[in-house]
Amino acid sequence: MSIAVIGIRGLPANYGGLETCADEVTRRWVEAGHEVRVYCRRNRYQQRPSSYNGVDLVYTPSIDSKSLDTVSHTLFSIVHLLFTGWRFRHVHLYNTGNSIFMPLLKLFGKKVVLSGDGIEWRREKWGRVAKLVHRVGERFAVWFADSIVVDNAEVGKYYRERFGISTDLIAYGANDIEPDTEHSAQLLERHELTARAYYLFVGRLAPEKGVHNLIEAYRSLNTEWPLVIIGDDPSGGDYRDQLFAQQSSRIRFLGFVYNEDYEQLLVNAYMYVSASELEGTSPSLVSAMGAEVCALVNGIEENVATARGAAALYRKNATDDLARLWQALIDDPERVARTAAEGKACVARYYRWEAIAEQYLDVFRRVG
């Protein structure tokens, strides 16, 4: 098969979950003998190699604004594909907002598989226009997509109940992460951290990620270990500024961290914590479980479905219960170790990238 990937920022992955997913599955598609092209945003990459792990990379422009960056890049990429990529029969399109261009792909005979990231229009970061684009895109996906892939059973339930359609459930995956003694020692020293003596959050600093609630709960704990926050949101405005204003020796903001540095900070954490109120399958949650780190997360339906009983879940959106359970775990190291081991086993059974890459290929084969 020949597969074109459109709608992410590009490869190598240097932002978030969608890019990581594309990075992991495309390299495996190439290893299986398929031809793969990924469209990258030109403004995101100073170095622009023509290939990465056997994947053909094409750099197309975008309009550099929060509301137009994604959709403009998708449009330019689709036009490029239609003029130069006639042999690419299958298109893996990310992001529901990009579905507004799906009729153009269908007009030229492409088979389109859409992967969303939860229910996008519910995200607080979007203004009215952006939310409308995602709502319209959602409708276009229902009408025109050959398959809609959801990363979580709760999102599939939403499409089934709202639109009466079935979806394909394919979660995000995780790799085995093991401590690298030498790298970890240097990294932890640089950030003045001690292995297994800090709590870690990973995610975008947007309101629906609940970092403000996480900090509120943390301040009530009886612990000397710091809360370490990986992630940022340069367009986050006042909310981001209010979070950074709380930085101290106990609350550490590290900004964006990727690749091996990210993995080593994760695997050396005592606990992964998240108060996010809107998720599909959270990539950082699955990664933490795969790294055998105890995960404490919001008991929203999506996290319940993802964790499969292998994480600690506090009462949905209840900051007081987050603080209560967090302290209970601090006071019960055996429970922390047990939950970590259960998470590792869960990932080994349900969230291997090799299986996920093959599940996508099965969808492409089925749609023709």
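Every number here is computed from the coordinates shown, using simple stated rules; none is lab data. What you see is a predicted model; the values in this text were computed from it and never measured. When we count neighbours, we look across all protein chains shown, and the Cβ atoms used for this are built from the backbone with ideal geometry, even at glycine.
Identify the residues of the range 168-183 with backbone N under 11 Å of a label point that sits 7 angstrom from the Cα of Arg366 along the Cα-to-Cβ direction, or state none.
It comes to 168-170, nothing else.
Tell me, what ³J(HN,Hα) does each residue in the range 144-151 have, in order and in whole Hz, if you take phi through Karplus 6.51 cos²θ - 1.76 cosθ + 1.60 with θ = phi - 60° and put x for Gly and Pro?
So the J values, rounded to whole Hz, are 10, 5, 6, 7, 10, 9, 10, 9.
Quick one: which residues, 5 or more positions from Cys40 or on another chain, have an amide H under 5 Å from its amide H? H modelled 1.01 Å from N in the peptide plane, none for Pro or chain starts.
Answer set, sorted by chain and number: Val58, Tyr59, Thr60.
Ratio of the range 54-205's C-alpha Rg to 2.2 N^0.38 Å, to two decimals?
The reported ratio for this selection is 1.31.
With the alpha-carbon atoms as the only input, what is the per residue convex hull volume for the chain in Å³?
Value for the chain: 134 Å³ per residue.
Take Val79 and Asn222, extend 7 Å from each Cα along the Cα→Cβ direction, and tell me the distance between the two endpoints in nm.
About 6.4 nm separates the two model spin labels.
Select from Phe253, Trp225, Gln186 the residue farthest towards the positive end of the dipole of the range 181-350; place +1 on Cβ of Lys and Arg, -1 on Cβ of Asp and Glu, and compute about the Cα centre.
The residue sitting most towards the positive pole is Trp225.
For the chain, what does -39500 (n - 2.57) per DSSP helix run (n ≥ 4), summed and divided by total residues, give at 222 nm, in deg cm²/dmol to the nearest 500?
About -13500 deg cm²/dmol.
Based on the Cβ-Cβ distance of Ile63 and Ala185, what FRET efficiency does E = 1/(1 + (r/R0)^6) give at R0 = 41 Å, to the nearest 0.05?
Efficiency, from the Cβ-Cβ distance: 0.40.
Taking amide H positions as placed in the peptide plane 1.01 Å from N, state which residues far from Met271 in sequence (5 or more) or on other chains have amide H under 5 Å from it.
Excluding prolines and chain starts, which carry no amide H, the hits are Tyr198, Leu200.
Among Lys209/Lys316; Lys111/Lys131; Lys131/Lys209; Lys66/Lys131, which pairs are too far apart, with a Cα-Cα distance over 23 Å?
Over 23 Å apart, Cα to Cα: Lys111/Lys131.
So if R0 is 25 Å, what FRET efficiency would Glu35 and Tyr258 give, r being the distance between their Cβ atoms, rounded to the nearest 0.05?
Efficiency for this residue pair is about 0.40.
Please list 354-365, 197-208, 338-349 highest first by mean number of surrounding beta-carbon atoms within 10 Å per residue.
197-208, 338-349, 354-365
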